[in-house]
């Protein structure tokens, strides 16, 4: 974990330039997510992090549902993300599909690139 600390640290500058939302329990930040507009109609879920002791407790779903609700008002076509390999199935639950892979900063480690077509999903409902 120490080896990746610089990758998991959210700086003040990052918070000032991007949308960052936190999940708090008993006055402790136990998770957060952030997103940014990468193209006119595309949002990237840049981070979704939960403290290890809160993984598999529903906290990730709370953050993801909040994120998806916020994006409904943004009139975007798709959402992209670079997933942690162990979280790939989590994102599939919400309809994301793996469209490729990205070499991580850690040698011989690859991150799934995932995408959710938002407008297509909305048209299917309506």
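The values are calculated or read from the model by the stated rules, or taken from the named source; none is laboratory data. None of the values given here were measured: they were computed from a predicted structure. No Cβ is skipped: glycine too gets one built from the backbone with ideal geometry, and neighbour counts run over all protein chains shown.
Answer yes if at least one residue in region 109-126 is touching a helix residue (DSSP H, G or I) at 6+ places or on another chain (Cβ under 9 Å), under 21 Å from residue 14 (Cβ atoms) and outside any strand (DSSP E or B), and no otherwise.
No, region 109-126 has no match at all.
I want to confirm something. Restricting to region 69-87 and keeping residues that are under 11 Å from the mean Cα position of the chain (by Cα) and more than 22 Å from residue 24 (Cα to Cα), which single residue is surrounded by the fewest Cβ atoms within 10 Å (Cβ to Cβ)?
Taking the candidates together, the pick is 84.
Any idea which of (1) in a strand (DSSP E or B); (2) touching a helix residue (DSSP H, G or I) at 6+ places or on another chain (Cβ under 7 Å); (3) exposed (fewer than 14 other Cβ atoms within 10 Å of the Cβ) is the one residue 105 doesn't satisfy?
Single failed check for residue 105: (1).
Residues to consider are 94, 90, 49; find the one that is surrounded by fewer than 17 Cβ atoms within 10 Å (Cβ to Cβ) and touching a helix residue (DSSP H, G or I) at 6+ places or on another chain (Cβ under 8 Å).
On the way: 90 fails: surrounded by fewer than 17 Cβ atoms within 10 Å (Cβ to Cβ); 49 fails: surrounded by fewer than 17 Cβ atoms within 10 Å (Cβ to Cβ).
Result of the check over 94, 90, 49: 94.
Only one of (1) in a helix (DSSP H, G or I); (2) touching a residue at least 40 places away in the same chain (Cβ under 8 Å); (3) surrounded by 14 or more Cβ atoms within 10 Å (Cβ to Cβ) fails for residue 66. Which number is that?
Evaluating residue 66 over (1) in a helix (DSSP H, G or I); (2) touching a residue at least 40 places away in the same chain (Cβ under 8 Å); (3) surrounded by 14 or more Cβ atoms within 10 Å (Cβ to Cβ) leaves (3) as the failure.
Keeping to region 1-24, report how many residues are over 21 Å from residue 74 (Cβ atoms), in contact with a strand residue (DSSP E or B) (Cβ under 9 Å, 6 or more places away or on another chain) and either part of a loop (DSSP other than H, G, I, E, B) or modelled with pLDDT of 95 or more (or both). Full working, then the answer.
Keep residues of region 1-24 that are over 21 Å from residue 74 (Cβ atoms), which gives 1-13, 24.
Next, from what is left, pick out any that are in contact with a strand residue (DSSP E or B) (Cβ under 9 Å, 6 or more places away or on another chain): 8, 10, 24.
Still in the list and also either part of a loop (DSSP other than H, G, I, E, B) or modelled with pLDDT of 95 or more (or both): 10, 24.
The total comes to 2.
Yes or no, residue by residue, for (1) out of contact with any strand residue (DSSP E or B) (no Cβ under 6 Å at 6 or more places or on another chain); (2) at pLDDT below 95:
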site: 29; (1), (2): no, yes
site: 39; (1), (2): yes, yes
site: 67; (1), (2): no, no
site: 76; (1), (2): no, yes
site: 88; (1), (2): no, no
site: 92; (1), (2): yes, no
site: 99; (1), (2): no, no
site: 106; (1), (2): yes, yes
